[in-house]
1. Checking the conditions here, which among 204, 231, 191, 226 is within 20 Å of residue 122 (Cα to Cα), open to solvent by less than 20 Å² (accessible area, probe 1.4 Å) and touching a helix residue (DSSP H, G or I) at 6+ places or on another chain (Cβ under 7 Å)?
2. Among the candidates 257, 207, 266, 285, single out the residue that is closer than 20 Å to residue 361 by Cα and over 18 Å from the mean Cα position of the chain (by Cα).
3. Just one of (1) small (Gly, Ala, Ser); (2) over 21 Å from the mean Cα position of the chain (by Cα); (3) in a helix (DSSP H, G or I); (4) buried (at least 19 other Cβ atoms within 10 Å of the Cβ) trips up residue 305, so point out which.
4. Take the residues in the stretch 235-252 that are of a type in the set (Gly, Ala, Ser) and touching a residue at least 60 places away in the same chain (Cβ under 8 Å), then tell me which one is most open to solvent (accessible area, probe 1.4 Å).
5. So for the stretch 357-370 (the condition being buried (at least 20 other Cβ atoms within 10 Å of the Cβ), at pLDDT 95 or above and in a helix (DSSP H, G or I)), does at least one residue qualify?
6. Quick check on my filter: what residues within the stretch 371-391 are open to solvent by 60 Å² or more (accessible area, probe 1.4 Å) and at pLDDT below 95?
7. Any residue in the stretch 151-167 that is within 30 Å of residue 264 (Cα to Cα), touching a residue at least 24 places away in the same chain (Cβ under 8 Å) and either surrounded by fewer than 24 Cβ atoms within 10 Å (Cβ to Cβ) or touching a Lys or Arg at 6+ places or on another chain (Cβ under 9 Å) (or both)?
8. What is the number of the single condition among (1) closer than 15 Å to residue 314 by Cβ; (2) assigned to a loop (DSSP other than H, G, I, E, B); (3) not aliphatic (A, V, I, L, M) that residue 205 does not meet?
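The values are calculated or read from the model by the stated rules, or taken from the named source; none is laboratory data. Since this is a predicted model, take the numbers as computed values, not measurements. Ideal geometry is used to build each Cβ from the backbone, glycine not excepted, and the neighbour counts take in all protein chains shown. When the accessible area is computed, the model is the full protein with side chains, heavy atoms only, and any ligands, DNA or RNA have been set aside. Shrake-Rupley method; radii C 1.70, N 1.55, O 1.52, S 1.80 Å.
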Amino acid sequence: MAGDITTLFRASTAHSPSIAMLDRARGAGGGGGGGAPGRIADFCIPCNPYFPTPAMFEQLGGRLREILTYYPSSAETITAELCQTLGLNPQTVAMGNGSTELITWIDHLLVRESLAVPVPTFGRWTDQPMETGKRVDMMLLPEAHGFRLDPEAFVRFVRARRSRTAVICNPNNPDGGLLSKNQVLELCDALQNLDLVVVDESFLEFSDAAAGTSIVEEAVLRPHVLVLRSLGKNFGLHGVRFGYLVANPALAGRVRSMLPKWNLNSFAEAVVFMLRDHRPEYEESLRRARQDRQEMTACLSALPGLTVYPSQGNFVYVRLPVGVDGAVLRDRLFTEHSVLVRECGNKVGSSSRFLRLVVRPPHEVRQLVSALERVLYGGPAQPAPVAAPALPPLAAAAPGAGAPHGLQLVPASVPVMAPPQLAPQAQVQVQVQAPASMPVPLPAQVPGQPLVPAPLTAGTSPAAVPVVGPMAMARGYTSSGTAAVDRLVSG
């Protein structure tokens, strides 16, 4: 039933439910609404749609019994093969059972006291250190600037907060913002007094200038810098669970020494040893994904009231028309059209006004656009002769623009004294005040009825709306209850 499926979304406080959970729910109660419960069009899970190739899947399938029956080789053996393929020194690499395992060990072994990170970003970089009692200093990426990270502002923020570790994702998740190689290296060098600077390059392979942007070669020469890379996302195999980090031998060895000998499974080994013979197919898959991102961005930008932000990941970040609740839209897209999207109401620094949509092949994008048109507008949207408005230039943005509604934010240029050390299990601190105006009322959840109450034309510039509400922020952190967050600070 539709109610059973939407309950799964609401129960997933930090991420979306898995495809397996959704399939089981649909099998038990049906998809609900008027949509057929057929194959799910997945715009939620950010992986490569073109790799492995069908021939590679057939080869893996032919070895299924062998792969499932026997132990894998040691992580040392699998890591050595990956390093030979990628041209890396095995002493500088540690492979994990997904990047999340590595994030966990980075937090346990290398993060002391506090961690600074721009938000919105990948949730484990905020949630993991909080779960172990660290202070998390979050700098809000301003919507008025297209969620672009200002490296110099982040350096000032880290210094003002006296954070001991800094993390950036390049490209960032969910907005896809990308810093140049020089910008990243200057940031790392400006923060060389820190215990650790982490550059998460999990989605960098999908960017237009991936080879010229990675700092993997430079990271091994810096004792305080660590680069995280993903294999599941790049290879389109999230279920395999494998990723790796690159750092100087001392840092990499410290993490590697704590990992179980068989933390990598036999599927991971099979794929890594296949890669040497399939590099051309892999490179072609990335080229197609980049082209698809351009076409998908153009298609979504033509929808009335929808704002699409520039991205260098294999996903795009979109702001919905005024008055549309992303959670309602997400539920109806899935139950009525079998389209799965990532609503960002449970991402710190974002809200249910935003979706992260994974880049997919053109025929699937047409299915997404059709479903959006039906749910948002009640039918195909009427295009307007003008293009969607460009993002405002940096100089035109008002100070503090993009601040969460009801939250007191401090510009990054204003020094902020670091709070006293907070003990684990401390109460989350979120400063709120009464909103200046009432929020836009949301439409009722009526299946088959459009969510946009009045007709819009492409190029409509929606009124400014809050990025995140105080209650959403409080919900995002009350669940862990293991560390205090002093305040969000706008960038």
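1. On the way: 204 fails: touching a helix residue (DSSP H, G or I) at 6+ places or on another chain (Cβ under 7 Å); 231 fails: touching a helix residue (DSSP H, G or I) at 6+ places or on another chain (Cβ under 7 Å); 191 fails: within 20 Å of residue 122 (Cα to Cα).
Exactly one residue qualifies, and that residue is 226.
2. Numbers: 257 fails: closer than 20 Å to residue 361 by Cα; 207 fails: over 18 Å from the mean Cα position of the chain (by Cα); 266 fails: closer than 20 Å to residue 361 by Cα.
The unique qualifying residue is 285.
3. Unmet for residue 305, out of (1) small (Gly, Ala, Ser); (2) over 21 Å from the mean Cα position of the chain (by Cα); (3) in a helix (DSSP H, G or I); (4) buried (at least 19 other Cβ atoms within 10 Å of the Cβ): (3).
4. So the first thing to find is which residues in the stretch 235-252 are of a type in the set (Gly, Ala, Ser), and the list is 236, 239, 243, 247, 250, 252.
Right, trim to touching a residue at least 60 places away in the same chain (Cβ under 8 Å) and you get 236, 243, 247, 252.
On the way: 236: 19, 243: 0, 247: 0, 252: 0 Å².
Step by step, filter the stretch 235-252, then rank; the result is 236.
5. We begin by selecting, within the stretch 357-370, every residue buried (at least 20 other Cβ atoms within 10 Å of the Cβ); these are 357-360, 365, 368.
Still in the running and at pLDDT 95 or above: 357-360, 365, 368.
Checking which are in a helix (DSSP H, G or I) leaves us with 365, 368.
For the stretch 357-370, residues buried (at least 20 other Cβ atoms within 10 Å of the Cβ), at pLDDT 95 or above and in a helix (DSSP H, G or I): present.
6. Pass one, the stretch 371-391, residues open to solvent by 60 Å² or more (accessible area, probe 1.4 Å): 374, 380, 382-383, 385-387, 389-390.
Selection gives 380, 382, 383, 385, 386, 387, 389, 390.
7. Let us first name the residues in the stretch 151-167 that are within 30 Å of residue 264 (Cα to Cα), namely 165-167.
If we keep only those that are touching a residue at least 24 places away in the same chain (Cβ under 8 Å) too, we end up with 165-167.
Okay, now just the ones that are also either surrounded by fewer than 24 Cβ atoms within 10 Å (Cβ to Cβ) or touching a Lys or Arg at 6+ places or on another chain (Cβ under 9 Å) (or both), so 165.
Yes, the stretch 151-167 contains a residue that is within 30 Å of residue 264 (Cα to Cα), touching a residue at least 24 places away in the same chain (Cβ under 8 Å) and either surrounded by fewer than 24 Cβ atoms within 10 Å (Cβ to Cβ) or touching a Lys or Arg at 6+ places or on another chain (Cβ under 9 Å) (or both).
8. The single condition residue 205 does not satisfy is (2).
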